[in-house]
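The structure appears right after this line, and notes come after that.
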Amino acid sequence: MVNRDRLVSSTIKILGSLLDKNLHYNEIIRQTSSDRSHVDNVINTLEAGQLIMEYKISKRERKRQKIHSQAKVMQITDLGREFIHLVDRIKEYNEAFVKFERCRIENIDMVDDGDPSPSILRSRGWSEEEIDRYDETWYSTYKMRDFFVRNIFNALISRFTTIITNTGDNEIAKDLLTKIVTDQIAHLLSTLSTGYSQDKMNRAEPMHRVSQDLASPIEEDIAEFYHNPDYFLHNHLINNNLKDVIVSLLHLLYLSSPEDEIHVKRMISTLIHDLRYSILQLEQERPTNTRAKNKHSVDLKGDKELLDILERLLRKFTKFICIATDEIPMFVKPI
């Protein structure tokens, strides 16, 4: 039985070595590990998983290349090529993101408190026009960073779904792919954590902020959905079931341990209070023009839908409750 971590590491090495050319068995062993027994097991696993296969070579070609008549020549399959391309693209993204993080820290977060002085920015190569627009650059940098944090995981799951569809009933390939993707998710989270803080001795606060960045877009999307006139559902059955899914998603998002139950209930209760006040204010308003009436109707309906969701959510919190972040979720009307 091959250790899974070692299996994945050796799989990546072998598939990478076979990406551009076929190799005979001994050459694969030489490039992978001095532990021949381990490499034998990995090659057998990859063959069974249809990631590599034996390349049929003629006697004449064996003689020309001086390959022993009993030596197996291996080649990568299309499925194996998909695997190694996934690994290479993830590596490419990681390198680009780390470079971006370094640039962000050097140009946006080079001082601990407050904004850097113009002289500091000039020393970093900023032009006068760029210095004047520092605030806009700061905002846009973090906006795009949130986009990266959110969508790399979406991209990973998308590629995972595509490749796993191509594996069919190949359980060996599925297991390897799952391990590769979960390893990369763990690595990405570590990269994000390091990017938040250069203090590698204390990861709790950086990882807390990673969690916050991942949670916030979910909350923002829910708020946007219920305040966008194009997204409303006009069927009570679909709408009711949709709310059940949203409540379950939020329950999962905030769930962790019982110690924070009071905090979570207080937070949700505050949101419920604010929404009830907003609804009361909206019900007292009497907009006159058509555009204002339409917006008023959307805002009122959206607040009522969110109020129903939060009241359902509050009822679910009994034992294991914890907010994923210390920030109040963004269940507010987008500006």
For Leu237 and Lys91 in one chain, what is 0.36 nm times their gap in residues minus the Cα-Cα distance, to one decimal in nm? 48.1 nm
Restricting attention to the alpha-carbon atoms of the stretch 214-316, what are Rg (one decimal) and Dmax (integer), both in Å? 14.9, 50
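How much length would be gained if the chain were fully extended between Glu47 and Asp35, taking 0.36 nm per residue of separation minus their Cα-Cα distance, in nm to one decimal?
On the way: separation 12, 0.36 × 12 = 4.32 nm, distance 1.85 nm.
Taking 0.36 nm per residue and subtracting the Cα distance, the gain is 2.5 nm.
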Mean separation of Cα pairs under 8 Å and 6+ residues apart, divided by the residue count of the stretch 214-316: what relative contact order is that in percent? 43
Once label points are set 7 Å from the Cα along Cα→Cβ at both Thr137 and Ala292, what is their separation, rounded to one decimal in nm? 4.2
Cα centroid of the stretch 1-40 to Cα centroid of the stretch 71-135, whole Å: 31
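Using a Förster distance of 41 angstrom, determine the FRET efficiency expected from the C-beta separation of Ser190 and Arg276, and round it to 0.05.
That pair, Ser190 with Arg276, gives E of 0.45.
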Checked against a 31 Å limit on the C-alpha separation, the offending pairs among Lys99/Lys265; Lys179/Lys265; Lys293/Lys316; Lys243/Lys293; Lys174/Lys265; Lys72/Lys99 are Lys99/Lys265; Lys179/Lys265; Lys293/Lys316; Lys174/Lys265; Lys72/Lys99
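If you take the square roots of the eigenvalues of the alpha-carbon gyration tensor of the stretch 80-196 and sort them as a ≥ b ≥ c, do you get rounded (a/c under 1.5), prolate (a/b over b/c) or oblate? Provide the component values of the computation, followed by the final result.
On the way: a/c = 3.52, a/b = 3.28, b/c = 1.07.
Judged from the Cα gyration tensor, the stretch 80-196 comes out prolate (a/c at least 1.5, a/b above b/c).
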Provide the FRET efficiency to the nearest 0.05 for the Phe153-Glu54 pair, computing r from the beta carbons and using R0 = 45 Å. 0.75
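Rule-based calculations on the coordinates, nothing more; no lab input. In this text the structure is predicted, and so the values were computed from the model without any measurement. Every residue, glycine as well, gets a Cβ built from its backbone with ideal geometry; the counts of neighbours run over all protein chains shown.
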